[in-house]
1. State all residues of segment 234-264 that are modelled with pLDDT under 75 and of a type in the set (Ser, Thr, Tyr); if no residue qualifies, say none.
2. Does residue 132 count as in contact with a Pro (Cβ under 9 Å, 6 or more places away or on another chain) and β-branched (Val, Ile, Thr)?
3. Pull up segment 197-211, narrow it to residues that are more than 13 Å from residue 82 (Cβ to Cβ) and touching a residue at least 12 places away in the same chain (Cβ under 8 Å), then point me to the one that is nearest to the chain's Cα centre (by Cα).
4. Considering only strands (runs of 3 or more DSSP E) fully contained in segment 123-162, which possess at least 2 residues that are in contact with an Asp or Glu (Cβ under 8 Å, 6 or more places away or on another chain), of a type in the set (A, V, I, L, M) and surrounded by 15 or more Cβ atoms within 10 Å (Cβ to Cβ)?
5. Determine, yes or no, whether residue 218 is part of a helix (DSSP H, G or I) and either assigned by TED's automatic domain parsing to the domain that holds residue 268 or not basic (Lys, Arg) (or both).
6. Of the residues in segment 112-150, how many are among the small types (Gly, Ala, Ser), over 23 Å from residue 197 (Cβ atoms) and in contact with a strand residue (DSSP E or B) (Cβ under 8 Å, 6 or more places away or on another chain)?
7. Can you pull out the residues in segment 1-58 that are modelled with pLDDT of 80 or more, part of a loop (DSSP other than H, G, I, E, B) and touching an Asp or Glu at 6+ places or on another chain (Cβ under 9 Å)?
8. Only one residue in 173, 219 is modelled with pLDDT under 85 and either touching a helix residue (DSSP H, G or I) at 6+ places or on another chain (Cβ under 7 Å) or within 19 Å of residue 88 (Cα to Cα) (or both). Which one?
Amino acid sequence: MQGKTRCPYCDKNVIVEVPDDAKGIQNTKCPNCGMNIKVNVDTEEKYNWEKESPIHPYVRRIASSKPSIAGVLLIIIFLLGVMLGTSALFFSKIVSEGYGTYEAKVVDENGAPLHGVKVYLVDENLTLIAETNESGFFSMEMAAGKHFIELHKENYITLKAEILVFPSNSKVFTDGFIMKKGEGKEAVKSPLAMTADLAPIVALLIMVIFLIPLIGGVFCFFRKHILLGIIGAVFGILIFSILLAISILFLAMLNLVFFIGSILSIVALALLILSRKEFGREVKY
């Protein structure tokens, strides 16, 4: 008798021959690719062999190394994430090396730029280092890291601001300050300076987020839940690509790490797609 089935080797729907009185698992051959396959002809219903196919493949696929390689790559991506999170803990020290260009804009309460605001570096003495232009901008070259500056303008409250200067030769970020009319002094912290204070929280968040590739990588070894592996790989591509774009601007020393992470994520995703049929099925090692 004949029956329709799908060959697990050539992935084609084919008609195979088995003995008329066959029961249980039978050996047969795919007429398309010639591979020997096993089919199960047991069924509780009567089928019209001309129209229906109660034959089901019962084949152990030969496992490839693609899922395992993808798993290894995803675990490496996790380790790169841990390294990145660890570096965030030392963020303040990293950005305190070398010199950088600091730029900021000063406006009044209505958002209008303030011209002629004098900018002093707070040290043992106040040192005039810059003054805002007609557009309210000022910039200065100084050592990277945290500094305190004071913004002075007649009839306005003086601002004593904590700032963060990144080690870069270009004006990557622009801070903003709002000066109110009045007298006295007010302490503020620039948005960039706040990033250094948030570094420990960011480091912990990075390490937790990068558990996604780790979980996906572990399941790759068991060839289960391919979606977790794909999510981990796509996550790696997005995160490392974004970080690479950012690091090109002001943290060139991390470019190689982010580039490698992006490439490994892409390779892992490709391997998972190529070996998707091995997930959730019985395979022979």
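The values are calculated or read from the model by the stated rules, or taken from the named source; none is laboratory data. Quantities reported herein were computed from a predicted structural model and do not represent experimental measurements. Backbone-built Cβ (ideal geometry, glycine too); neighbour counts: all protein chains shown.
1. Once the filter is applied, which keeps residues that are modelled with pLDDT under 75 and of a type in the set (Ser, Thr, Tyr), segment 234-264 yields only 247.
2. So residue 132 fits the description; yes.
3. Filtering first and then ranking leaves 202.
4. Correct list: empty, since no element meets the threshold.
5. So residue 218 fits the description; yes.
6. 5
7. 31, the sole residue that qualifies.
8. Criteria check complete, one pass: 173.
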